[in-house]
Structure formats: structure tokens, C-alpha cells
Amino acid sequence: MRELISAERIQQRVDELAAEINDDFAGIDLLLMIIILRGGSFFGTDLAKRLTMPVRLDYIRVTSYAGTESTGVVSMVSDVKTDIRNRPVLVVDDIVDTGFTMQWILRFLELKHPGLVRVAALLDKPSRREFDVHIDYLGFTIPNVFVAGYGLDGLDDTMANIPRVVALEEADEMHVSVPPRRARLPILPGVKS
Ligand code: IMP
Ligand code: MG
């Protein structure tokens with residue numbers, strides 16, 4: 001097990017992402033933050049503590065089973081409890097890997113007609129992507145290695161409490177990068193806030 005991202009570097013990056021979100025959503029009355037359990041819990045909570053607008057926290061929990069190639073089965077364990085219709089929503093998860101889970105959840109939430117949906121993820125493994133998912137607020141791009149810590153379970157489900165992100169396997173290329181800051185992404189006019 002080797003450290004991929006230190007606890008300090010994670011906290012510093014969460015500061016930066018919170019600043020972007022505060023800027024983009026400046027002036028809104030309410031942001032609904034939907035944290036995907038279990039993996040998104042640390043990132044979502046740390047992010048929420050730094051947001052300056054009123055935030056309502058809600059949670060969604062699904063289980064997904066990797067089936068045959070490019071297919072999978074998702075079942076809803078616990079749905080959001082809040083009415084998201086016409087509201088700005090920020091969906092938060094730990095990592096986007098193939099993109100299957102996030103794409104499924106975004107489609108599911110669209111059926112509830114939210115006003116606007118943005119996606120935040122701490123980690124992205126773009127080399128594994130099979131399903132197109134746009135991440136608006138991304139912490140780090142990581143190589144194709146299995147990781148644990150900071151809310152992410154390890155192979156035996158006992159490593160989520162580690163405050164840093166660790167790699168459980170080695171790869172030729174272990175580079176972690178931070179995406180460049182993009183232009184401000186303001187909320188659309190007409191979204192109820
Ligand atoms: P996806 O559906 O393939 O994008 O996988 C997404 C989910 O799988 C994430 O929300 C994580 O819970 C889990 N996952 C993917 N890669 C890792 C990893 O390296 N460590 C721990 N969990 C992971
Ligand atoms: Mg997850």
C-alpha cells in the first residue's frame with residue numbers, strides 16, 4: 001500500500017473546489033447536495049462544510065454489480081428524501097471509474113426534473129471510462145490502480161477511515177494530476193433557487 005494523495009493535499013483541493021462552487025452558485029438560496037453512499041461521504045461532508053450558501057444534504061445509495069462486459073445491474077437501496085424538482089442539485093461521489101454508476105444515478109435523478117445538475121467527484125480514472133460522464137468539479141485524475149482511504153473502501157471494506165488516498169496496487173505510471181481551473185460556470189437563469 002502506498003500513499004497516492006496526502007491528507008493535506010486532499011484538504012487543500014477540497015478548499016479549491018469549494019471556492020469554485022461558492023463562486024458558481026453565488027447568491028442562490030438553496031443548494032441540494034446529494035451524496036452518493038458510501039464512498040462519497042467523506043468528500044461530500046468536507047465539501048459541504050466549506051460552502052457558504054444554504055445547503056440541504058441528502059443521500060442516495062445504490063448497489064451495482066458488474067455484470068458482463070459493459071452491462072451492469074443497479075439496485076436502489078435508498079433514494080433521496082428531498083423534492084429536487086426545479087432545484088439546483090450537486091451530486092457528489094468519491095470516484096468515477098467506468099462511469100456506469102454515476103451515469104445511472106444522473107438518469108435516475110433526471111426523472112425527478114431537477115432544475116440543474118452538477119457533478120463533483122474527488123477522483124477520476126479516465127483510462128477506465130466506458131460511460132460518458134461529465135464531472136464539473138473534479139479533485140484529482142488518478143492512474144488505473146485500485147485505491148482506498150478517505151471514504152473509499154479497500155478490498156476488505158476496512159480502509160475507508162484512512163485520511164489519505166492510498167493505492168493498493170502498483171502501475172507503471174502512478175501520476176496524480178489536478179485539472180486546470182476552468183471558467184466560472186454560473187447557474188442558468190430560470191432555475192429556482
Ligand atoms: P463505476 O460505476 O465503474 O464508475 O464505479 C464507481 C464506483 O465504484 C465508485 O463510486 C466506487 O464506489 C467504486 N470504485 C471504483 N473504483 C474504485 C477504487 O479504486 N477503490 C474503491 N472503490 C472504487
Ligand atoms: Mg461509490
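Values quoted throughout were computed directly from the atomic coordinates according to the rules given, and no laboratory measurement underlies them. Computed from a predicted structure; not experimentally measured. Please note: Cβ atoms are built from the backbone with ideal geometry, for glycine as well, and neighbour counts cover all protein chains shown.
Points to keep in mind about this one:
- Overall size of the stretch 1-110 from C-alpha positions, given as principal axis extents largest first: 44, 43, 19 Å.
- The stretch between ASN22 and SER177, if pulled fully straight at 0.36 nm per residue, gains 53.5 nm over its current Cα-Cα span.
- Nearest 10 degrees, 0 to 90: helix 100-110 Cα axis against the chain principal axis: 10 degrees
- Seen against the Cα atoms of the chain and their longest principal axis, helix 7-24 is set at about 20 degrees.
- Scattering from the stretch 1-46 was approximated by placing one identical point on each alpha carbon and applying the Debye formula without solvent; log10 I(q)/I(0) at 0.28, 0.29 1/Å stands at -1.12, -1.13.
- With the biggest extent put first, the Cα atoms of the chain measure 48, 37, 27 Å across the principal axes.
- When the GluC sites (Glu not before Pro) in the stretch 84-193 are filtered for DSSP coil states and for at most 14 other beta-carbon atoms within 10 Å of their beta-carbon, the remaining sites are GLU130, GLU169, GLU170, GLU173.
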